[in-house]
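Colleague: Please find one structure pasted underneath; my questions will follow.
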Amino acid sequence: MPRWPAPASLRDHIGRTLALAGPSMAARIGILAIFTVDTLMVGRAGGNELAFLGLGLTVQMVLMMIAIGFMQGVMILTAQNYGAGRYRRCGAVWQVGLVVGAILGVTFAVISLVTERVLIMTGQNPDLVAGSATVAFHFSWGMPAMLLYIACAYFMEGITRPTYAMLAMVLANITNVGLNWIFIFGWDGVFPPMGAAGAVIATSITRWQICFFMLAAIWFAVDRRQYGLELSLRQVRWPYFGGLTGRMLRISYPMGIGQGLDAAAFSSLVIMAGLIGAAATAAHQVTQNLVTLVIMVAIGMSAATSVRVGNAIGRRDPANVKLAAWTGIALGVAFMLPAAVVFMWVPAGFAGLFTGEAEVVEISRGTIWVAGAMLTFSGALWVTLGALRGTGDTLMAMVLQVLPLWTIAVPASAYFAFGLDYGAVGLYYGIFGGILASLVAVVARFVVISNRLTF
C-alpha cells in the first residue's frame, strides 16, 4: 500500500505545514469571523443586545466545544491512516464521524434549551436572561449542521485537502452578512428588527449551508472508490464499524471533555462579567471576539500540526514526529506575535469598531491590552496541544489543558475582579496565569512523549 512520503528537510516541513495550515487557518477564522461580524453588527443595535448575545452563548459554546472535541478523532484517525496508506479506512472514519456528529448535534441542541434556567440560577438580571434565552434557542437548531460540517472538514484535512472547508466558510461569511442585515435590523416591514436573536438566526442558516456544501464536495471531489465511499452505511459491516466507533471515541472523549471544560472556564468569565454589569459583559464580549478570532490562526496551525504529526505516526517515523511538532509550534508563535503587538498598541481603536458606547470602550481598552499580552503564549499552547494530540496522547493533553484553568485561572480571575476590585480587566489577569501554567505543562509532556516513541 503506498504511503504519504516523509519530508526531506526542515524547509520541506515548513512548506508542507504552511500548505496545510493556510486553508485550515482560513476555515477556522471563517467560523469566528461569523461571530465577529455578528458582534459588530449587534453592537450597532445597542449594548444590551451585545450582552444578550454574550450571555445567550454561554451554555451553547460549552456544548459546542465538547462536541467539536469529540469530532477531532476524525482528523487524528484519518491523518494516521492516510500516512499509512490505508485510504479505505479513512473513508470509514468519515462515515463514523457523520453518525457521531448527527447524534451529538441533536442531543446537545436539546440540552442547550436549558440556558434560561442556568442563567437564572447564576443570579443574572432577569431582563438579560429573557433576551439571552431567545439567542440560545436559535443557536440550538444550527448545532447538528455545524457538527456534520466539522466531520467533513476534519476528514478533508486528514487527507491533506483542507481547501474545501475554507471555501465553505468564505461562502458562509458572505451569506451571513446579508442575512444579518435582514434579521438584526429588519427588512422593509417583512422582518421586524430582532437584534442579537436575528444574528443567531442568520448564523444557524449559514451552518446548514456549509453542511450541504461539504457533503457535496466530498461526494464530487473525492475518489469514492479509493476511500471506500461507494458503500452506503447499510453495506458497512457493523462489527468493524462499531470497533472503529469505539476507537474514535476513546481518542476523542478526552478532547471533548477538555474543550468543554476549557469553554466552561471561559464561560464562567462571562458569568462574572454579568455580575459586574452590562457594560462589563459587553466589553468582555468584544474582547473575546477579538481574541478568539486571532487564536483561530493558532488553532488552524494546531490542526495542521496534529495532521503532520499523525502522518509521521502512521509512517512510524519518530524523528519527523518531533520535527513536525516543533516546526508547527515555531510557526504558531511567529503568527501570534504581530497580532499581540497590535492589540497592545491600539486597544481602544479595536473596541471602537464594535460599539460607540464610551463606557464599553473604556473597559475594553484594558481588557484588550491584557489579552494582547497573553496572545503569543495562548497560541503556543494551542499548537503544542495539537502536536500532543497527533501522537494520540489525548487524555493527558486534556488534563494539562484544563487543570490549570480551573485551579489557577478561574479562582485568580474572581480574586482580581472582585477581591481586588479590578473589574473586567481582572478577569484577564487570572486567565493569563492559567494559560502560562498550562503551556509549561503541555510542552514538558510533549518532550516526554516524543522521546519515548518506539515503533
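Derivation of every value follows stated rules applied to the coordinates shown; laboratory data play no part. All of these numbers come straight from a predicted model, not from anything done at the bench. Please note: Cβ atoms are built from the backbone with ideal geometry, for glycine as well, and neighbour counts cover all protein chains shown.
Colleague: Give the residue list of GluC sites (Glu not before Pro) in the stretch 346-455 that are DSSP loop and have at most 11 other beta-carbon atoms within 10 angstrom.
Modeller: Filter output for the stretch 346-455: empty list.
Colleague: Sticking with this structure for a sec: Can you show me the helix-derived [θ] at 222 nm for the chain, built from DSSP H runs with n ≥ 4 at -39,500 (n - 2.57) apiece and divided by the number of residues, rounded to the nearest 500.
Modeller: So the helix-based figure for the chain works out to -28500 deg cm²/dmol.
Colleague: Using only Cα atoms, find the angle between the long axis of helix 10-43 and the longest principal axis of the chain, and express it within 0 to 90 degrees, rounded to the nearest 10.
Modeller: 30 degrees
Colleague: Further, regarding this structure: If all Cα-Cα distances of the stretch 368-421 are sorted into 10 Å bins from 0 onward, what percent lands in each bin, rounded to whole numbers?
Modeller: For the stretch 368-421, the pair-distance distribution reads 21, 40, 29, 9, 1.
Colleague: Over the chain, what is the relative contact order in percent, taking alpha-carbon pairs closer than 8 angstrom and at least six residues apart?
Modeller: Across the chain, relative contact order equals 23 percent.
Colleague: Plugging the Kirkwood radius over Cα pairs into Stokes-Einstein for the stretch 334-406, at a temperature of 10 °C and a viscosity of 1.306 mPa s, what D comes out in µm²/s? Walk me through the numbers before you get to the answer.
Modeller: Values: Rh = 14.0 Å.
Translational diffusion coefficient: 113 µm²/s.
Colleague: Any chance you could check the Cα centroid distance between the stretch 68-88 and the stretch 268-338 for me, in angstrom?
Modeller: Each part's Cα centre sits 20 Å from the other's.
Colleague: May I pose another question? Rg to Rh ratio, the stretch 260-353, alpha-carbon atoms and Kirkwood radius?
Modeller: With Rg and the Kirkwood Rh in hand, the quotient comes to 1.13.
Colleague: Treat the count of other C-beta atoms within 10 Å as a stand-in for reagent exposure and order Trp219, Trp326 from fewest to most.
Modeller: Trp219, Trp326
Colleague: Now for a separate question. For helix 358-390, what angle does its Cα long axis make with the longest principal axis of the chain, in degrees from 0 to 90 and rounded to 10?
Modeller: Taking the Cα atoms of the chain, the angle to 358-390 is about 10 degrees.
Colleague: I've got another one for you. Ratio to report: Rg/Rh of the chain, with Cα atoms as the point set and Rh obtained by the Kirkwood method; give two decimals. Numbers along the way, then the final one.
Modeller: Values: Rg = 21.3 Å, Rh = 22.1 Å.
That ratio is 0.97, to two decimals.
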